[in-house]
Amino acid sequence: MIKKITAVLASIILFGNTSYAQVALSADDNFIPLTLNPGDIYETTITIGNGYSHPVTLTLDAVDGTKSHTGYFAAKLPMNEQFFFGKWATIEKKVFNLDVGETVSTKVTYKIPDNATPGDYSGGITVTRERTGEKTVTQKAGQISAGIVSKSRLAKAVYISIPGERINDLAIGNLTYKKYPGRSYEMYIKMENKGNTTIEVEIEPSKKSYFGEVEKIDTQIIKLFPKEKVNLPINVGQMPILGVYDLRTNIKYFEFNLITNEKTPLGEVNKNIQLIIIPWNYIILILFIVLALITYFKVKKYRLKKIIKNSVNYMVQNTDTITTLAKQSNVNWKTLVKINKLNPPYEIKSGQTILLPNRKK
């Protein structure tokens, strides 16, 4: 059965004069999900145009859909192995050399294999602009540098649903976390859609302190297509330098109907992990300072004992003072006070016996 549509999927992809591509879709083209049966053939037209001020080479490709590291749609590169849409879609003409303002159209045909497995599939039509030899000039801090930029790429998602038995199977791994500079943390959760349906996952993360205070983190919602997996990062934010926390996620997941946008609850799980923050660098620094102080006072005490051991009893004369006796013994007056355990105002009297260090030659 051939479903031939010439305008429904038509789009004009315009590349502007900036480094960013601009997309303008016709009013009846929303790239809505398609319901196709095994053996169906679907034909459409896609239109591309050159909005630059110079001629360009544009290349069209049909590729499988995949997920970015954050769980959102991404299109595989053409050189990657294709399993579904990248094999099912055929583009009549793929490479175009366009003058300024020129637009062209080409036919795209989706042929669903007779033995295609029921389920939801994602793919994309990509447009790549070759930029070989096109110089870019960058000015920074008074310096101008030129470089060669190779390609810019734009992708548009296409979703196909094949009716049949729907298998819901979502594997959810344990939470992990990673520390980044500046006391910033992220936790990660691995998920894999092992079934043949699209599964929408709603994640409500939070962190609980040792004292029971709970702080909610922004909810994340992603869709996982069949056979897709993701290690989803969840920003925990800045954390104190010391503490014990429970990182928590309440995960609800649903079967998502691409055609009707309806959600059917499948399950709910909770994943937790304990985060213990110990500032080892500060602890090591404090221990080093404490050790240095202990060593300093021990050395000082040892030297004082050595001076006492080498001291002799001396009877104070009428003209003696702490200062004159310290000078005679070649020691600091404070040392003389300490070995004799004198209290302020550190006065000595004639006939008093004190310890006096041997004079140093």
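Quick look at the values:
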quantity: For residue 316, residues with placed amide H under 5 Å, excluding near neighbours; calculated: 351, 352, 353, 354
quantity: For segment 97-107, Karplus couplings with θ = phi - 60° (6.51, -1.76, 1.60), whole Hz, Gly/Pro x; calculated: 9, 10, 7, 4, x, 7, 10, 9, 10, 8, 8
quantity: Lysines whose Cα lies under 20 Å from that of residue 341, excluding same-chain neighbours fewer than 8 positions away; calculated: 298, 300, 301, 305, 306, 309, 327, 349
quantity: Label-point gap, in nm, between residue 166 and residue 100 - each point 7 angstrom along Cα→Cβ; calculated: 5.2
quantity: Over 28 Å (Cα to Cα) - which of 179/263; 67/252; 111/252 fall in this group; calculated: 179/263; 111/252
quantity: Around residue 196: net Lys/Arg minus Asp/Glu count, Cβ-Cβ under 11 Å; calculated: -1
quantity: With all protein chains modelled, accessible area of residue 338 [1.4 Å, Å²]; calculated: 100
quantity: Sequence-distant residues sharing a close amide H with residue 67 (under 5 Å, placed H); calculated: 74
quantity: Rounded if a/c under 1.5, otherwise prolate or oblate - segment 177-239, Cα gyration tensor axes; calculated: prolate
quantity: Phi to ³J(HN,Hα) by Karplus 6.51 cos²θ - 1.76 cosθ + 1.60 over segment 265-277, Hz, x for Gly, Pro; calculated: x, 10, x, 8, 9, 10, 10, 10, 8, 8, 10, 10, 9
quantity: Charge dipole magnitude, Cβ of K and R +1, D and E -1 - segment 165-245, Cα centre, debye nearest 20; calculated: 320
quantity: Contact order normalised by residue count of segment 143-279, Cα under 8 Å, 6+ apart, percent; calculated: 24
quantity: Relative packing of 286-292, 91-97, which averages over residues the other C-beta atoms within 10 Å, highest first; calculated: 91-97, 286-292
quantity: J(HN,Hα) series, segment 39-56, from Karplus relation 6.51 cos²θ - 1.76 cosθ + 1.60, nearest Hz, glycine and proline x; calculated: x, 5, 10, 10, 10, 8, 10, 10, 10, 10, x, 9, x, 7, 8, 8, x, 9
quantity: Amide H contacts under 5 Å for residue 177, placed H, 5+ residues apart; calculated: 188
quantity: Sorted peptide list for 230-239, 308-317, 195-204, criterion being average Cβ within 10 angstrom, highest first; calculated: 195-204, 230-239, 308-317
quantity: Segment 298-361-segment 43-83 distance, computed between alpha-carbon centres (Å); calculated: 91
quantity: Within straight-line cross-link reach of residue 76, aspartates and glutamates at Cα separation under 19 Å, skipping those fewer than 8 residues along the same chain; calculated: 61, 64, 120, 130, 192, 228
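The values are calculated or read from the model by the stated rules, or taken from the named source; none is laboratory data. Worth saying up front: this structure is predicted, and the values here are computed from it rather than measured. Don't worry about glycine lacking a Cβ; one is built from the backbone with ideal geometry, like all the others, and counts go over all protein chains shown. Just so you know, the surface numbers come from the protein's heavy atoms only, side chains and all, with ligands and any DNA or RNA stripped out. Shrake-Rupley method; radii C 1.70, N 1.55, O 1.52, S 1.80 Å.
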